[in-house]
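Here, each number is a calculation from the coordinates, and none is a lab measurement. Small disclaimer: the values here were computed from a predicted structure and weren't measured. With ideal geometry, Cβ positions are generated from the backbone for all residues, glycine too; neighbour counts draw on all protein chains shown.
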């Protein structure tokens, strides 16, 4: 159910919860998918849940992709209000008063970009005027990967009305100390993205994507942004070219930046034959095929807090090669669920060679065991626990 009105939440069984953040029909770069999965887990635990999402999330000149909207059908089991205009202060007051009058027990707000600080901070201030609602923030990032003037002021404005924070990496928890040293903060890992279907056979996945069955496939998955280091991985492919020409890089995701730079790099390195380019937005229904077609997922990031690709790889039980930056190594124990490289082409190439020499199977028992830590029930329990302290 999608709506632009907001009837009071009913039901005495659990808490009245509102999730404030992106949801269908917005893509949200994984945030929308996360919020919808979080809402389902809250419902599963007996709480009454609504999502307040955006009618306008980004002005078009600030959005780097081709479209902000998904073509997937609306979730029939969730109440989503697409009503927040990120650039209209009068709308912020209206939505804040709307939620204030509902008097939810708990508002769970997502914070991933300082641009949202003024909008969400104002809405939260209006909500808090009811003197009853508690606010817990899930902080994806506090210091952005791509800083801009004004970021610090916007983040300071946002954090003030928040009662407590959940972070999904120790790096973000540390960054929060600069802005909210006296606020309650708990680290709990990003739960598994288990809403993209179950594993499919590798041969079937490759047939679906028209990839040769015997190739050695490494996967770069997700929106392509500078901090994610695809250019470093392309340089690594050039290193691999003379002795390991059967290793192919599958790039699956939309460019969020200047594609021209990557096209020029590929041409300069003469590695086009080593690449399989699916550089468009990957629909939710297609995600499982990309993860299951790969031998290993590579995250060659220059900087990182946490990554939504990691829980995806865990769900589909795919080993990972990650760089030694931010929170990535803590989530990918070296030589167990994957390999940790330094953020340069030579080190990444070395780890790719090591992976294929050792084989995928050595990592599987650790992946199966390690993924048990990342349940949605534990994540919701952490939110409710920090709210009750």
At R0 = 41 Å, FRET efficiency that the Cβ-Cβ distance of residue 336 and residue 182 yields, to 0.05:
0.65
Given Cα pairs under 8 Å that are at least 6 residues apart, what percent is the relative contact order of the chain?
14 percent
Residues 33, 152, 310, 185, sorted so that the one with the fewest Cβ neighbours within 10 Å comes first
152, 185, 33, 310
Cα-based shape type of the chain, given that a ≥ b ≥ c are square roots of the gyration tensor eigenvalues and the cut on a/c is 1.5
prolate
Compute the FRET efficiency between residue 101 and residue 267 as 1/(1 + (r/R0)^6), taking r as their Cβ-Cβ distance and R0 = 56 Å, and round to the nearest 0.05.
0.45
P(r) weight above 20 Å for the stretch 114-221, C-alpha pairs, percent
56 percent
Can you sort 127, 79 from fewest to most other Cβ atoms within 10 Å of each residue's own Cβ?
79, 127
Give me the number: length gained by fully extending residue 200 to residue 77, i.e. 0.36 nm times residue separation minus the C-alpha to C-alpha distance, one decimal in nm.
41.7 nm
Of 95, 298, how do they rank once you tally other Cβ atoms within 10 Å and put the fewest first?
95, 298
Mean-square fluctuation check for the chain, GNM, Cα pairs under 10 Å: which of 89, 329, 59 is largest?
59
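Rounded if a/c is under 1.5, else prolate if a/b is larger than b/c, else oblate: which is the stretch 171-303, with a ≥ b ≥ c the root eigenvalues of its Cα gyration tensor?
oblate
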If you find the alpha carbon centre of the stretch 187-210 and of the stretch 211-231, how far apart are they in angstrom?
15 Å
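If you restrict to DSSP beta bridges whose two residues both lie in the stretch 149-253, what percentage is antiparallel, to the nearest 5?
0 percent
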Counting each DSSP H run of 4 or more residues in the chain as -39500 (n - 2.57), what helix-only mean residue ellipticity at 222 nm follows after dividing by all residues, to the nearest 500 deg cm²/dmol?
-10500 deg cm²/dmol
At the level of C-alpha centres, the distance separating the stretch 244-316 and the stretch 319-341, in angstrom, is 17 Å
Relative to the longest principal Cα axis of the chain, at what angle does helix 31-44 sit, 0 to 90 degrees, rounded to 10?
60 degrees
Take the chain, connect every pair of alpha-carbon atoms lying under 10 Å apart with a spring to form a Gaussian network, then pick out the residue of 291, 233, 56 with the largest mean-square fluctuation.
56
With Cα springs under 10 Å, the Gaussian network model of the chain assigns the largest mean-square fluctuation among 20, 209, 154 to 209
What does the extension gain come out to for residue 377 and residue 259, with contour length at 0.36 nm per residue minus their alpha carbon separation?
38.5 nm
